[in-house]
Amino acid sequence: MVAVGPARFRKTVSEKVFTITGNRVEVRDHYDYLGVVIQHNLRWNLHIDKIISKAKQRTAILAWHCMKAKGLRPRTAIHLWNSTVRPCMEYACQLWAPSLPHTRELELERIQSSFLRRILNAPKNLSAVFVRSECGVERLRARWNKLNFAYIRRISALDDTRLAKHALMSQFHQVGNNHRGWGSSVANLLRDNCRDLVLAPVVQSFSDVTSLLKSGKIDINATETRWILSELEKLSSLSQSYPLIKSWSNISDGYAFSKSQTGRPGYKFFEPYLDDWDSGREQSRLKLLARANVLPLFAIQARQSNSGGVAARCLHCDSNSPESAPHLFFGCLAYSDYRGIMFRKVNQAFVCASNKGHVTYPLVGGFDSLDWSDKLLFLLGKQTGSPLADMLIDRTVKKFLKRCFFRRSRFLDSVVIRNGSSF
């Protein structure tokens with residue numbers, strides 16, 4: 001038995017003797033009931049600790065199996081994680097998720113993002129927002145909100161004589177009186193997930209909750225998209241290009257991996273270039289780093305180490321230009337032969353898509369008519385409107401990156417041998 005209340009009340013209760021069928025009932029500070037740890041102060045620290053421990057253990061085992069031999073495709077590994085690990089992080093979330101502190105929420109989110117980095121063989125410091133967007137995985141917070149609102153809809157549909165409905169209604173009696181209970185937390189979540197935050201209605205009672213859920217003004221997917229874009233704006237390496245590369249509109253039938261994905265929000269779109277993981281893992285990894293603007297180039301490494309000038313220059317050509325992604329794709333003379341092959345094949349893909357009327361980008365003279373910034377967006381995966389053209393461009397760009405970095409590594413090895421320095 002758990003006594004909930006002030007310390008004096010708990011002490012009084014603990015000094016009394018309670019028996020059931022002649023057996024004494026022990027009074028505890030917490031109790032594990034149906035897998036949920038209930039504390040005397042109605043907080044969830046012990047339960048969250050239990051979830052984190054179990055999720056980390058399962059994630060480590062799954063990641064080890066996914067990385068054996070050649071490893072599983074990221075899409076398959078994510079499906080396994082969603083079916084074996086995520087359920088334990090969502091169990092009874094209707095109770096504890098609305099009032100979960102932000103710090104504990106981040107601890108749970110890190111388990112998911114670290115697993116995604118591991119199966120992608122991505123750097124540990126790669127942004128979690130970027131990794132989730134590439135894999136089409138939503139935050140756990142979005143999942144909890146959907147489960148919470150679905151739970152409220154089911155309870156509100158019950159008959160007025162049902163005890164469960166009366167218990168739920170009692171949680172919203174003090175919402176408008178600065179109450180910090182479960183009902184107030186749910187009311188805040190409802191307001192935060194309205195389509196129009198400016199015109200979000202005031203939630204002060206259970207009737208306000210049910211009417212808001214029935215009105216169709218709650219859109220968790222739109223809220224999640226807004227949150228992702230706001231987080232990307234805070235990241236200097238991603239704010240300029242990645243929001244333009246990634247498609248945030250609903251997934252069309254042509255780009256959907258299966259029928260169930262058609263109509264889903266763009267942030268849940270798993271990028272197809274990652275499906276070539278078995279045959280071209282290094283190529284896919286290079287494109288992943290290019291989309292994240294963290295390719296191992298001197299200009300990017302100098303930016304990360306807060307150095308510049310000579311440290312950022314390209315050693316592979318005589319232009320004295322910073323070795324950045326635009327320089328690699330368009331400027332460096334050391335890769336002009338590979339670049340010519342890539343541009344020719346990309347032009348063919350654009351012509352093929354244009355003839356079929358699939359290209360959604362307004363083109364007059366084809367791919368060559370674009371400036372280098374727009375070209376770079378398409379090379380890194382911006383959708384042309386034709387899935388076939390996107391696949392051809394993807395394969396061409398990945399081959400280009402693999403060839404360039406192979407030649408670059410051999411050149412840098414020769415510099416190390418001559419000068420005795422390392423990079």
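For the range 97-116, the candidate set comprises residues that are polar (S, T, N, Q) and closer than 19 Å to residue 147 by Cβ; within that set, the residue that is surrounded by the fewest Cβ atoms within 10 Å (Cβ to Cβ) is 99. Within the range 118-131, the set of residues being free of Cβ contacts under 8 Å to residues at least 24 places away in the same chain, surrounded by fewer than 20 Cβ atoms within 10 Å (Cβ to Cβ) and of a type outside the set (S, T, N, Q) comprises 124, 128. Here residue 144 passes the criteria (1) within 32 Å of the chain's Cα centre (by Cα); (2) in a helix (DSSP H, G or I); (3) farther than 19 Å from residue 267 by Cα; (4) without any contact (Cβ under 8 Å) to a residue 60 or more places away in the chain except the one numbered (3). The residues of the range 159-181 that are buried (at least 18 other Cβ atoms within 10 Å of the Cβ), at pLDDT 80 or above and assigned to a helix (DSSP H, G or I), listed by number, are 168, 169. When you look at residue 42, is it of a type in the set (A, V, I, L, M, F, W, C) and on the phi > 0 side of the Ramachandran plot, yes or no? Against the criterion (of a type in the set (A, V, I, L, M, F, W, C) and on the phi > 0 side of the Ramachandran plot), residue 42 qualifies.
The set of residues from the range 76-91 being closer than 15 Å to residue 142 by Cα and surrounded by fewer than 18 Cβ atoms within 10 Å (Cβ to Cβ) comprises 82, 87, 90, 91. Residues in the range 224-272 that are aliphatic (A, V, I, L, M) and either more than 25 Å from residue 374 (Cβ to Cβ) or free of Cβ contacts under 8 Å to residues at least 60 places away in the same chain (or both): 229, 251, 256. Contact annotation: residue pairs with Cβ atoms under 8 Å, 6 or more positions apart or on different chains, pairing a residue in the range 305-327 that is in contact (Cβ under 8 Å) with a residue 12 or more places away in the chain and within 19 Å of residue 337 (Cβ to Cβ) with a partner that is buried (at least 18 other Cβ atoms within 10 Å of the Cβ) and among the acidic types (Asp, Glu), are 314/323; 315/323; 316/323. Within the range 283-324, the residues that satisfy the criterion of being part of a loop (DSSP other than H, G, I, E, B), aliphatic (A, V, I, L, M) and either in contact with a Lys or Arg (Cβ under 9 Å, 6 or more places away or on another chain) or at pLDDT below 90 (or both) are 297, 315. Of everything in the range 11-53 that is loosely packed, with under 14 Cβ neighbours inside 10 Å and of a type in the set (Lys, Arg), the residue that is nearest to residue 116 (Cα to Cα) is 11.
Within the range 14-51, being at pLDDT 90 or above and of a type in the set (D, E, K, R) holds for 49, 50. Within the range 222-238, if we keep just the residues that are in contact with a Leu (Cβ under 9 Å, 6 or more places away or on another chain) and not charged (D, E, K, R), the residue that is modelled with the highest pLDDT turns out to be 232.
Restricting attention to the range 89-104 and to residues that are of a type in the set (A, V, I, L, M) and assigned to a helix (DSSP H, G or I), the residue that is nearest to residue 58 (Cα to Cα) turns out to be 89. Restricting to the range 243-255, name every residue that is of a type in the set (D, E, K, R) and either part of a helix (DSSP H, G or I) or under 17 Å from the mean Cα position of the chain (by Cα) (or both). Within the range 243-255, just 246 meets the criteria.
The set of residues in the range 256-281 being part of a helix (DSSP H, G or I) and at pLDDT 90 or above consists of 266, 267, 268, 272, 273, 274. Checking each residue in the range 335-354 for being basic (Lys, Arg) and under 33 Å from the mean Cα position of the chain (by Cα) picks out 339, 345. When 302, 334, 311 are checked against the criterion of being touching a Cys at 6+ places or on another chain (Cβ under 6 Å) and either of a type in the set (Gly, Ala, Ser) or within 30 Å of residue 255 (Cα to Cα) (or both), a single residue qualifies: 334. Of all the numbered requirements in (1) part of a helix (DSSP H, G or I); (2) acidic (Asp, Glu); (3) surrounded by fewer than 20 Cβ atoms within 10 Å (Cβ to Cβ), residue 134 misses one, and that requirement is (3). Does residue 46 satisfy being part of a helix (DSSP H, G or I) and under 25 Å from residue 277 (Cβ atoms)? The answer is no for residue 46. Can you name every residue in the range 283-325 that is surrounded by fewer than 16 Cβ atoms within 10 Å (Cβ to Cβ) and more than 14 Å from residue 237 (Cα to Cα)? Answer for the range 283-325, where residues must be surrounded by fewer than 16 Cβ atoms within 10 Å (Cβ to Cβ) and more than 14 Å from residue 237 (Cα to Cα): 307, 308, 309, 310, 311, 315, 318, 319, 320, 321.
The values are calculated or read from the model by the stated rules, or taken from the named source; none is laboratory data. Because the structure is a prediction, the values reported are computed rather than measured. Neighbour counts run over all protein chains shown; Cβ positions are idealised from the backbone, glycine included.
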